[in-house]
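Beneath this line is the structure, given in structure tokens, with notes to follow.
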Amino acid sequence: MSILGTRVVRTEDPVFLTRGATYTDDLIDERLTGALHLTLVRSPLAHAEITSIDTSAALESPGVVAVVTGADLDIAPALLFPGANKAMTRPFLATDRVRFVGEPVAAVLTEEFYQGEDAAELVDVEYEPLQAVIDPLAAARDEVLLFDEAGTNTAAAYGYDTEPAADFFDDCEVVVTQDLVNQRLAAAPLETRAASAFWEGDRVTIYLSNQNAQGGRDEIAGWLGMDKENVRVVLPDVGGGFGAKIGSDPEFALVAWLARRQGRPVRWNESRSENMTGMVQGRAQRQTVTIGGTRDGRVTHYRLDVTQDLGAYPRLGTFLPMFTRMMAPGTYDIEHVESRARAVVTNTTSVAAYRGAGRPEATAAIERAMDLFAAEIGKDPAEVRKLNVVAPDKFPFKTKGGVEYDSGEYAKAIDLALTEAGYEQLRAEQRARRERGDVRQLGVGVSSYVEITGGGAFAEDASVEVHADGSVTVLTGTSPHGQGHATAWAMLASDQLGVPIEKITVKHGDTDLVPRGGGTMGSRSLQTGGVAVHQASAELIDLAKQRAADLLEASVEDLELDPSNAAITVRGVPSAKSVTLAELAAQEPLKVDTTWDGKKPTFPFGAHVCVVEVDTESGKVTVERIVAVDDAGPVLNPLLCDGQRHGGIAQGIAQALLEEVLFDEEGQPLTGTFADYGIPSAAELPSFDLVEMTTPTPINPMGYKGIGEAGTIGSTPATQSAVIDALSHLGITHIDMPLTPLRVWEAIHAASEAST
Amino acid sequence: MKVEITVNGEATTADVEPRQLLAHYLRDTVGLKATNIGCDTSSCGACTVLLDGEAVKSCTVLSVQADRQSVTTMEGLDGAAEGRPEHPVTAAFHAEHGLQCGFCTPGMVMAAVSLIEHDEDLDERKVREGLEGNLCRCTGYHNIVRAVLVAAGKDPDAAQKAEAASGAPRTAPGFSRGEAGA
């Protein structure tokens, strides 16, 4: 029986559960012995000219080895996203101007950690405050410019060069429009950013907490003006990423530069409050949706307008609205779709990817629009969805977002979710509570979603080597931060080679070991890196058969692998000789390197139903249940797959109800610690009901799609919808996220004012 | 200041700054790295250890406050020295997939050990409330809660089974219920 599809517990766990994983700040590499501690002095103002920096007092502080300012640097400011306005570069340490609270201004190097905290306080920076612009819609008006030489705050625009046609919706019987806020979130991985670096001659090794070793190497080499062969990036265990650890941070290059300048290794591990302003954040879109169709429920027209808040320096966030536009129509077969987006800088923390990265924003918009449309025509929102989803016989389906959905059964997913949730009973219960005038009202939200995984970067390398002792080493260009690749990739190799997973070692995240690779992001790992391992293992068997043919005096076509003992045998001849892979490896190295060219992304999908109780006196929301149908094709390991779904669902509910990064009008962060930023604990969440459904993709031989972000994409709109549904009898049609008790209470209060 | 702290049964001693946090003592002075530091505000619980048997966040305790006391970290649980998760809690975290990136795990495990020791009659709601001080960003807590119930000798599916047997609606208050924005 194949190991694939079975619930294998993680091979990583014994270390994680005994001595603990080894994160960047835990490393005991002798080449880091005597490392200096880096403490960054960060701007307390969102927008200001720097008039002077006095480091003399800090230099006198105990343990201080150096205080470095931007004037000392010989690395030029970098454009952190290639497609953005070229004038919007970021210095590694600000010299003349700061553009967000938390921007690094000076670097303090000390012998010990506590000394750095003391000395950083003594660096005296004088600022001349400038007017800050925080709201992206205001920033788009260019009244306050962040980069004078750019002449605009718009870093990039997509389809924004012409005005939308005024008559676009003229054919519709019903048109509804709504402004939406897809609020800014902090990815908040439990491990903050960390880096350490040491030099050996002209070559630097940098340990990073990151999602992509190879990409990090390339970026850092570029920033430092080095050949990438002279930069080695190693990712040890990584304590969560959620998209925010895609791409390198300027701080990483600074750590390497400082180590070279001082001739000593340097370590940096930021505090949580630094992380909450310094690490890239996610979402941060303002949207306007307009949806039109017929009174009997057919949606024919949809328009999406996006303003992406980029924060102070354009980073990966510049690309997010492209994903949002691509996925704008969601699961629906809508004849006329148009969208446009612009990405603007503001005096806030930079925005990049966060779990889903542009796709949750698309789904939240279209799902909200479907609810508004259903409410306008007085039909059940689940029915309106089923009426408009792409029919199963239409795949592959070329969408109006400009992509091709590979496979899907959207209506079936909705039906499964509704049945599991007991939708009809829930609606009956809702009616009964409304008739009784209960304080606690019931709400049911339904979402239908499709997402793109493996989008953008398709190919991935893998290498599989069998050793003379029968053990196997797998090298992969993807690198995990909690997903369980070591177990999953070992299962894939084991399934092909007949070697037990205990004898298979999976290595990743070291550019010397694996020079090429795309890292782990966009739920791409299994469908690219995993399929590459599958392919490499198959190719290794072919190679083994060629080597065994002479030995066994049989033609290659007659040979097969016996999975019970990892031996090449002659098909149909039980008495014939056989040779094990280990024996072949003992003769000469038995290794295969391969590249899986995925060619196309895949489109996992699903439907979620969320059931909430809303206390109409306090505004408090209680999540009673969430039912999730998430179809990412065949499941390699249900344990790992469900784990990804659980985590994603939790983060999706958190966006709907709790989390929001806030700045005041002057750009001061109001959610700079975990005491202010509402990450849900176990007490605020329910257990989750997962429903299985499997629709393979034709894009790869395993049928695999990605699952890492799906839970987030489906659960957010279902939860937002459920809360609004609970209050719809009061005339409430929309509340922006997060639906905190205050915001819900205010909406109820406003509705009751309006009705009296 | 000189402190003597028993860590996982072994006597340790060092001359420390009065302001040094116990978390830093464990990590940097003793060299036990399982205990992690995830925030500055005692919110995340990644640094949770047992101090004379009580769960504390070691970032809110000074090393000098732990003088002449006994600290247990995840490295001190059954089987940890041999690299085997044999303590009922670590074994259950393994079996139930109660961890992903692993950063919250040592603190979560120690909080769970304390919770189980202090309450013989745990159910899902009590576990959720008992772990309120420990944040996890990966698992959505679903499997962590299951693992703690399993370690406590409770059937994590008991409530669902009872509901199924009674025919009661799954949305009935009491089980699987989270209060957001509390």
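The values are calculated or read from the model by the stated rules, or taken from the named source; none is laboratory data. What you see is a predicted model; the values in this text were computed from it and never measured. Positions of Cβ are generated from backbone atoms using ideal geometry, with glycine treated the same way; all protein chains shown enter the neighbour counts. Each accessible area value is taken on the protein alone, full model and side chains, heavy atoms only, with ligands, DNA and RNA left out. Shrake-Rupley method; radii C 1.70, N 1.55, O 1.52, S 1.80 Å.
Between the beta carbons of residue B:1 and residue A:734, assuming R0 = 60 Å, the FRET efficiency works out to 0.50 to the nearest 0.05.
Let's test the formula: R0 of 35 Å, r as the Cβ-Cβ distance of residue B:78 and residue A:200. What FRET efficiency results, to the nearest 0.05? List each step's numbers first, then the result.
Values: r = 41 Å, r/R0 = 1.18.
Efficiency, rounded to the nearest 0.05: 0.25.
Under 22 Å of direct C-alpha separation, and excluding same-chain neighbours fewer than eight residues apart, residue B:154 reaches these lysines: B:126. Relative intensity of region A:70-229 on a log10 scale, I(q)/I(0) at q = 0.14 Å⁻¹, equals -1.07, per a Debye sum over C-alpha point scatterers of equal strength in the absence of solvent. Annotation: amide H of residue A:42 within the under-5 Å range of A:105, sequence separation 5 or more or interchain, hydrogens built in the peptide plane. Fully extending the segment from residue A:60 to residue A:2 would add 14.3 nm, taking 0.36 nm per residue of separation and subtracting the current Cα-Cα distance. Please state the shape class of region A:535-640: rounded when a/c is under 1.5, otherwise prolate if a/b exceeds b/c and oblate if not, all from the C-alpha gyration tensor. Prolate, since a/c reaches 1.5 and a/b exceeds b/c. First select every other residue whose beta carbon is under 11 angstrom from the beta carbon of residue A:258; then total the charges, Lys and Arg +1, Asp and Glu -1. So the surrounding residues net to +2. What the phi angles of region A:583-593 give under the Karplus curve with 6.51, -1.76 and 1.60, with θ = phi - 60°, is a coupling list of 5, 5, 5, 5, 6, 7, x, 10, 9, 10, 10 Hz, glycine and proline written as x.
Burial annotation for region B:97-111: residues with an accessible-area loss of at least 40 Å² between the isolated chain and the complete set of protein chains, computed on heavy atoms with a 1.4 Å probe, are B:97, B:99, B:100, B:101, B:103. Taking the chain by itself as reference, region A:634-657 contains these residues with an accessible-area loss of 50 Å² or more in the full protein complex (1.4 Å probe, heavy atoms): A:646. Packing order of peptides A:385-392, A:460-467, A:419-426, A:41-48, highest average first: A:460-467, A:41-48, A:385-392, A:419-426 (average count of other Cβ atoms within 10 Å over each peptide's residues). A Cα-only calculation for chain B places Rg and Dmax at 17.7, 64 Å.
Straightening the chain between residue A:664 and residue A:288 buys 133.0 nm, computed as 0.36 nm per residue apart minus the Cα-Cα spacing. When only alpha carbons are used to place a centre, region A:35-70 and region A:545-578 end up 68 Å from one another. Annotation: amide H of residue A:590 within the under-5 Å range of A:466, sequence separation 5 or more or interchain, hydrogens built in the peptide plane. Between residue A:76 and residue A:168, the distance separating the two model label sites (each 7 Å from Cα on the Cα→Cβ line) works out to 4.0 nm. From a point 7 Å beyond the Cα of residue A:586 in the direction of its Cβ, which residues of region A:542-560 have a backbone N at a distance under 14 Å? Correct set: none at all. Positive contributions from Lys and Arg (+1) and negative ones from Asp and Glu (-1), summed over other residues with Cβ under 9 Å from the Cβ of residue A:288, come out at 0.
Under 5 Å from the amide H of residue A:598 lie the amide H atoms of A:459, A:460, each residue being 5 or more positions distant or on a separate chain, with H modelled from the backbone and absent for Pro and chain starts. Could you give me D for region A:368-478, from Stokes-Einstein at 4 °C and 1.567 mPa s, where the hydrodynamic radius is the Kirkwood radius over C-alpha pairs? Units µm² s⁻¹, please. Once the numbers are plugged in, D ends up at 71 µm²/s.
In angstrom, the C-alpha Rg and Dmax of region A:262-346 are 19.5, 73. The mean accessible area for residues of region A:252-292, using a 1.4 Å probe and ignoring ligands and nucleic acids, is 21 Å² per residue. Here the Karplus curve 6.51 cos²θ - 1.76 cosθ + 1.60, taken at θ = phi - 60°, turns the phi angles of region A:489-506 into couplings of 5, 5, 4, 5, 5, 4, 4, 7, 8, x, 9, x, 4, 4, 9, 10, 10, 9 Hz, with x standing for Gly and Pro. Rg over Rh for region B:84-130 works out to 0.96, both radii taken from alpha-carbon positions and Rh defined as the Kirkwood radius.
A plus B alone minus the pair: what accessible area, both sides summed, probe 1.4 Å, in Å² to 100? Walk me through the numbers before you get to the answer.
Values: alone 28210 and 9880 Å², together 32530 Å².
Chains A and B together bury roughly 5600 Å² of accessible area.
Note on the protein assembly as shown: dipole from Cβ charges, positive end direction compared against A:704, B:12, A:220; the farthest Cα belongs to A:704. Distance from the alpha carbon centroid of region A:439-502 to that of region A:687-736 works out to 22 angstrom. Remark on region A:438-510: Rg and Dmax equal 19.9, 72 Å (Cα only).
A simple spin-label model places pseudo-atoms 7 Å from Cα toward Cβ; at residue A:512 and residue A:539 they are separated by 2.5 nm. To put it simply, the accessible area of the protein assembly as shown at a 1.4 Å probe is 49 percent carbon and sulfur. Could you give me D for region A:296-441, from Stokes-Einstein at 4 °C and 1.567 mPa s, where the hydrodynamic radius is the Kirkwood radius over C-alpha pairs? Units µm² s⁻¹, please. Calculated translational D: 75 µm²/s. Taking a straight Cα-Cα cut-off under 18 Å and skipping sequence neighbours fewer than 8 places away in the same chain, the lysines within cross-link reach of residue A:591 are A:503, A:507, A:545.
Sorted largest first, the spans of the alpha carbon positions of region A:622-710 along the three principal axes are 53, 29, 17 Å.
Mean residue ellipticity at 222 nm, helices only, chain A: -8500 deg cm²/dmol; runs of at least 4 DSSP H residues each add -39,500 (n - 2.57), and the sum is divided by the number of residues. 3J(HN,Hα) along region A:196-213: 9, 9, 9, 10, 10, x, 8, 10, 10, 10, 10, 8, 9, 9, 7, 9, 8, 5 Hz, from the Karplus curve 6.51 cos²θ - 1.76 cosθ + 1.60 with θ = phi - 60°, whole Hz, x for Gly and Pro. Shape annotation for the protein assembly as shown: C-alpha extents along the principal axes are 85, 72, 61 Å, from largest to smallest.
Taking the Cβ of residue A:584 as the centre, find all other residues whose Cβ is under 10 Å away and add up their charges (Lys, Arg: +1; Asp, Glu: -1).
On the way: positive: A:545, A:547; negative: A:583, A:588.
Neighbour charge sum, excluding residue A:584 itself: 0.
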